[in-house]
Each structure stands twice: as C-alpha cells, then as structure tokens.
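This report refers to the structure that appears directly beneath it.
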Amino acid sequence: MSSTPSDQPKALSKAWLIIALNALYSIAEALCSVFVSVYFYVHSLDINTVLLHYLTIYTVTPIVFTLAGWYAKSRDRTYVFRIGLVLHALYYASLLYLREDAYLYVVHLGVLLGVTWGFFWAGNNTFQFDFSTQMRSREYFVGLISSVSNGARLIAPVISGVIISFAPTTQVGYRAIFSVALVIYLAAIALSFRIPHDKSRQPFNIKKALFPPKEHRDWRLVMAASASLAGSFHIFHFLLAIIMYMQSSSEAQVGGYVSMQGLVSIATAFMVGRFVVPKTRATFMFWGVVTLIVAGVTIMWEITMITLFAFAILRSVSLPLFGIPHTGIRFEVMQRTAAAASERIEYLCAWETPLAVGRVIMMGILMLLYSGWGEYGLRIALFMLCMNRVITYLLLRSISFVRDPSLT
C-alpha cells in the first residue's frame, strides 16, 4: 500500500482514531466482559451454562465474520465496523432488559454476541492491517494497540468489582456496569462517524485464502497455527474469572484479579512493542511459550489463590511476548501472499475459520472434562491450552522469513 508524503499526516491521524476506538472498546469490555460470565454463573450455579454461551459465540462468529468481510469489500468496511459497535450496545441493552433471567437465554445471547464479534472484528482487523503499515513498524503499531487496550483494562475491572460488591444489591451493581458499557458504546458509535468511508466495490473471493495452494507455504503454516491456537484467544480470559469467583465468591476480588493481569500485560506489551524486530520474533515467541508452559504446570498442581495468581501473572507475561510478534508475522505473511492489497479481507476472514474450529473443539473438550472430573477437568483443560502453544510456535518458526530473518 503506497501513499504520498502529504497523505502521511492524514493516515496517522486515522491510525490514532482507530487506537482511540480500540481504547473505548477495551474500557467497555473490561467493565463487563468477565462479569457477564460471572453473572451467568451466579444465577445458574452451573459453569456449563457459561461454557454453552461461549461455544455458541465461537460457532457463530466465523460465519458472520466471512459475511461481514464480503460486505466490507463489496460495500463499505466502515459500516461493518460501526454495525459491530451498534450490536455491542444491543447486547448490553439485552442484558439490562432480561435481568436475572438472562442465563436462560445464553444461546440466544451467544448468537447475538457471535454476530457482533463477526462484524466488529472484520472491521477492526481490516483497519489494524491497513494502518499497521503506516507507522514506524508493524510491531510498534501492534504493541501500541496492545498497550492502550491493556491500559484501558487496568482500572475498569476493579471499579466494576467494587461497584457490584458494594451496591445495595448485587443485581443493582450489575445493572450499573452494564449501563455504563452501553453508554461507552454509544460514544464509540458517535466517534466512528469520523472514520472515512471506503466505497470501492470489488469482488469477494475467499477460496484461495481458505484453501491455499502449495506454493503459498507460509500462509498454509499461518492457517495451521491458527487452528493450534485452540481457545487460548479469550477462553483463558473468562475461565480464569469464573474460577476466581468459585474460589472467592467476591466480584471485587475477581475485578482485582483481572486488573492485576492487565497491569502485567501492559508493562510487557510496552517493552515487547519497543524492542521486538523481525530478526528477534522467534526468540520472543520462544520465551512466551516457555512462560506459558510454566504457568500450565503451576495450575496443574492445584487450584488455590496462590496458584491462580501465579498462573495469571505468567500468562499475562506470555501473552504479549508471543502475541505481538505472532500478529506481526501473520500480517506480513498476509501482505506477501495476497496478490493485491484489496485481497486482505479474504485473508482475514480465512484466518478466522481454523481459529474457530480450534475454539469449538477446545470448548467441547472443556465441557466434557468439567462434566466428568469437575475441578480436575478444569486444570487439565488449562494445561492443554498452555501446551497447544508449543505447536503454534513450531509452525510459525517454520515460516520462511522467521526461519531466515534475512528474507524480511
């Protein structure tokens, strides 16, 4: 993607707008996302109710992501992003309307949130891919997005936990944070009108990206790595919050637990974003894998408050160590493989498919393990999620320019 010198200030201002919108999204999600899981658990007293909600989300998301990708390319990507924000607002409005009965509609709400994620991430990932090439480096932009997002998540969970714990009733506390999230999404929707529209209409052909030919070896490896990520994108987030609530019965402690992870992640993401370069990507990912394996061994021993905090700290360090170079590699392979920049949406949509398959499989295994072995099953599932990262690393390590940085 080329641009003239006069275009650079405008491009950078758009990039900062995307960062601001990601910050608003992160604040709203930090206020509520883990507490939605706790909310369902508090009223159902069944962790499988929560797992069913997310299994539905993971099943619906890739289908809608692909449809949203088609709309973004054949119509307007800005509308796709804005629809995602509007549906987020509708999701929290639905929780406010359903109140204590929300857990009875976890499948319906899962479908709604799956559609929401499909639209939102189709638009957001496209914007991030576009603007990551217009700043100092791809890793710098991804690291900045990660730092801003984690910074937004730093205080919000503690505030939510305190509000819920000290409200006149727990239900009043949950309604308060859901209402705040709704207002934030409405503000994000208003801000999104500053994003310029891209109305160039082009055909949408996902076949080559979804079933890459043999000569596209690097992209085939990225797709396999996507499947091997299993559910470690997001499953850790809500599952750890539920386990902490099961241990403490306190939303305030859940909020502090989530915020502590944000503090560790923002510090690590800031350092990784500043210092990782193409030739050191594999090294950073290696140490991210080692850190996550140590976390998995820790939680397999026993679930206590001490092991939960140790696991959370190690995982929070591992996440940016592995995730920032991984995102940079994925975007670079996508850029090299696509015949034209206009094909980026197809590749973004294609990558979501194996990721979703891995998530659905892992959620199914998690539900079976918990149903059969209870807490021990949860420990096995957490350990499996950690060990899957070894497979992801080996696949990414085999990519041509990662194996030989001189090709970058």
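The values are calculated or read from the model by the stated rules, or taken from the named source; none is laboratory data. Worth saying up front: this structure is predicted, and the values here are computed from it rather than measured. Here the Cβ is made from the backbone with ideal geometry for all residues, glycine too, and neighbour counts use every protein chain on show.
A few remarks follow.
- Test: residue in segment 369-389 that is surrounded by fewer than 17 Cβ atoms within 10 Å (Cβ to Cβ), of a type in the set (A, V, I, L, M), touching a residue at least 12 places away in the same chain (Cβ under 8 Å) and closer than 30 Å to I243 by Cβ: yes
- Matching entry among L221, L191, L239 (being under 24 Å from T56 (Cα atoms) and out of contact with any Gly (no Cβ under 8 Å at 6 or more places or on another chain)): L239
- Test for A28: is it modelled with pLDDT of 90 or more, closer than 17 Å to G151 by Cβ and not hydroxyl-bearing (S, T, Y): yes
- Residues in segment 258-289 that are free of Cβ contacts under 8 Å to residues at least 60 places away in the same chain and closer than 23 Å to E375 by Cα: 1 in all.
- If you filter segment 300-336 down to residues that are modelled with pLDDT under 90 and polar (S, T, N, Q), you find that the one that is nearest to the chain's Cα centre (by Cα) is T327.
- First in segment 318-340 and free of Cβ contacts under 8 Å to residues at least 40 places away in the same chain and buried (at least 23 other Cβ atoms within 10 Å of the Cβ), second anywhere and outside any helix (DSSP H, G or I) and hydrophobic (A, V, I, L, M, F, W, C), Cβ under 7 Å, 6 or more apart: none
- Scanning segment 45-59 finds no residues that are more than 23 Å from S26 (Cα to Cα), modelled with pLDDT under 95, among the charged types (D, E, K, R) and part of a helix (DSSP H, G or I).
- Counting the residues of segment 196-223 that are closer than 29 Å to M363 by Cα and crowded, with 16+ Cβ neighbours inside 10 Å gives 11.
- Out of T268, T291, one residue alone is in a helix (DSSP H, G or I), modelled with pLDDT under 90, within 20 Å of the chain's Cα centre (by Cα) and not small (G, A, S). It is T268.
- Per the conditions (1) surrounded by fewer than 18 Cβ atoms within 10 Å (Cβ to Cβ); (2) modelled with pLDDT of 95 or more; (3) of a type in the set (A, V, I, L, M, F, W, C), the sole criterion not satisfied by F193 is (2).
- In segment 350-371, the residues that are under 20 Å from E215 (Cα atoms) and at pLDDT below 90: A350, W351
- In segment 91-119, of all residues being of a type in the set (F, W, Y) and in contact (Cβ under 8 Å) with a residue 40 or more places away in the chain, the one that is surrounded by the most Cβ atoms within 10 Å (Cβ to Cβ) corresponds to F119.
- Residue match in segment 347-356 (condition: surrounded by fewer than 20 Cβ atoms within 10 Å (Cβ to Cβ) and either part of a helix (DSSP H, G or I) or polar (S, T, N, Q) (or both)): yes
- Taking the criterion of being under 17 Å from L240 (Cβ atoms) and outside any helix (DSSP H, G or I), the residues of segment 294-339 that qualify are E302, I303, T304.
- Residues within segment 206-245 that are under 21 Å from L382 (Cβ atoms) and either at pLDDT 90 or above or part of a helix (DSSP H, G or I) (or both), tallied: 15
- Scanning segment 165-186 for residues that are more than 25 Å from the chain's Cα centre (by Cα) and surrounded by 20 or more Cβ atoms within 10 Å (Cβ to Cβ) turns up just one, G173.
- Scope segment 319-372; condition more than 19 Å from I399 (Cβ to Cβ), among the hydrophobic types (A, V, I, L, M, F, W, C) and touching a helix residue (DSSP H, G or I) at 6+ places or on another chain (Cβ under 7 Å); matching residues: L319, I345, C349, A356, V357, V360, M362, M363, I365, L366, M367, L369
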